[in-house]
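Below is one structure; the comments refer to it alone.
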Amino acid sequence: MSVGGRLKRRDFIKGGAALAAAGSLPLSVVELAFANDETTDFSFAFISDSHITHIKGREFVRNFDRGLIRAVAETNLLHPRPDFVIYGGDIAQLGTAAEIDHGLDILGGLRGDVHYVMGEHDYYLDLGEHWERRLGPQHYSFDHKGVHFVVLNSILTHDAWTHGPWDSPMARMNEMARLDNPDGSPFMVGETQRAWLKRDLEQVYCDTPIVVLSHSPLQKIYRGWNFWTEDAEAVQTLLAPFRKVTVLYGHVHQIQYNQIGNISFHAAMATAWPWPYPESYSQQASHLPRLTVPMNRADPFFERDATGWQFVNLHTGNIDVHYQLPDNSPRVVAFDTARGHPVDRHHQDPAHRLPTQDHY
Ligand SMILES: [Fe+2]
Ligand SMILES: [Fe+2]
C-alpha cells in the first residue's frame, strides 16, 4: 500500500472508499478519500521584502511604504481573485514593533487570507516575539485544494551566535542586516524544525504536490550574502519522496529559478529594492543558478526599477510565476513539463534575451 513507508493517494482512495462505505471515517478524511487524483488549479499572490523603515514618530521611509502599498492595491485588483496571499518575509528593516505594525497595517488592506513567512529583518531584534504575537507560529503547514503548503522559518542560525555577547538586541539585528558580513552567521532551518517537517510530511501522500515557503533559498547560491541555507541538503532530502515540489522564497530581491532533483525553486522580487546579482560582486559566474536568466535592470539609477511582486498559478501541481515589475518588463517563469524544470517563457532561449540597457 505504501512506497518506502509513505502513503500513495491512489492506495488511500481504494482503501478509503471501502472504509467510507462502512461509515467509519470522519468527514474531512472522507472528502480526501474521494478527491480527484488531479489537483484543482488555483492562483495566489506572492508579495515579499517590503523592509518598512521607521524614521521617527509616525515617519517611515516613503519609498518602501509606496512599494508595498502598490503591491497590495494591484493584488486587490486581480481577476479572478487569488485564493490567498503569501508574504515572503522582511516586513521590517530592523524588526521593531513600529515597523512590523506599520507593515501589517498596509498589508491589512489585502482582501482574503495572508500566510506569512519570517524574514531575518523581522526576527533578529526580539527573536520573532512581536511577529509571533501578531501573526502566530513561525512554522506551520496547511492544505489547499489538494496541495500541501509548508511554511518554514529558514533564517535561524547557531545558538552560540544568536545568544552571543551582543551589547544589545539591536546590535545583533544590525549584524544580521548586513550583506557580506564576516561577523554574520549562515541561515538554517535547524534540527528542531527539520524533525517537525519530517513528522508533518509523513502525513502527506507522495503524489500530493508540495509547496514550501521559506525566506532564504533552500539551496546554496552565495554564502556571503546568505543567499544560502546551511542545512539545505537535509531539507531537500526530506522533500525527495514527493513527485511535485516547489520552493518559493524571498530574501534575494531578484529573479532566480532553479531545479534540483524533484524540487523547483522560484525567488520573489522585493517591493523595496532590487539586489544586484552576487556574481557582479564576487566576480564568479557560479553564484547564480545555471537555469536563471537574470533580471534586466532598465535603469540602474532608478531605485524602483526591478522591484515588484508576483502572482502565481498552480496548474496540475506545477507553478508558474508572473513577475509584476511596474517599472520594468514583466516576466513569466513556468514549469516546462517536457524539460522537467522552470523556464522563462520568453527569454530562456539565448537568442531571445533582453540586452542590458545602459544610460550613458
Ligand atoms: Fe529582504
Ligand atoms: Fe532577508
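The numbers here are math on the coordinates, done by the rules we state, and not lab data. Treat the numbers as computed from the prediction; the structure is a model and nothing was measured. Cβ atoms come from the backbone with ideal geometry, glycine included; neighbour counts cover every protein chain shown.
Send over the semi-axes of region 59-198's equivalent ellipsoid, whole angstrom and largest first, taken as the square roots of 5 times the C-alpha gyration tensor eigenvalues.
Whole-Å semi-axes of the equivalent ellipsoid: 27, 21, 11.
Here the extension length gained between GLU175 and ARG290 equals 38.4 nm, from 0.36 nm per residue of separation less the Cα-Cα distance. Measuring r between the beta carbons of ALA351 and GLN203 and using R0 = 51 Å, the FRET efficiency lands at 0.65. What residue among GLY88, GLY184, GLY136 shows peak mean-square fluctuation when the chain is described by a Gaussian network model with Cα springs under 10 Å? Greatest mean-square fluctuation among the candidates belongs to GLY136.
Here the Karplus relation 6.51 cos²θ - 1.76 cosθ + 1.60, evaluated at θ = phi - 60°, turns the backbone of region 325-333 into coupling constants of 10, x, 10, 7, 6, x, 10, 10, 10 Hz, with x for every Gly and Pro.
For the Cα trace of the chain, dividing Rg by the Kirkwood Rh returns an Rg/Rh value of 0.97. The Kirkwood radius of region 68-119, taken over pairs of alpha-carbon atoms, gives through the Stokes-Einstein law at 20 °C and 1.002 mPa s a diffusion coefficient of 185 µm² s⁻¹. Just checking the listed ones, HIS79, HIS287, HIS346: in the Gaussian network model of the chain with Cα springs under 10 Å, the one fluctuating most is HIS79. For region 140-193, the pair-distance distribution built from all alpha carbon pairs, in bins 5 Å wide starting at 0, is 4, 16, 22, 19, 13, 9, 8, 6, 3, 1 percent.
Here the gap between ARG223 and HIS163, fully extended at 0.36 nm per residue and compared with their Cα-Cα distance, gives a gain of 19.5 nm. Only lysine pairs 8 or more places apart or on separate chains count here, and in the chain those with Cα atoms under 26 Å apart total 11. You can think of it this way: the chain between GLU59 and ARG111 has 16.1 nm of extra reach, that is 0.36 nm per residue less the Cα-Cα gap. What does the charge count around TRP228 come to, taking other residues whose C-beta lies under 13 Å from its C-beta (Lys +1, Arg +1, Asp -1, Glu -1)? Net charge around TRP228: -3. Sorting 45-52, 251-258 by average packing, meaning the other beta carbons within 10 Å per residue, from highest down gives 45-52, 251-258.
Summarising the label geometry, the points placed 7 Å from Cα in the beta-carbon direction at GLU191 and THR337 lie 4.4 nm from one another.
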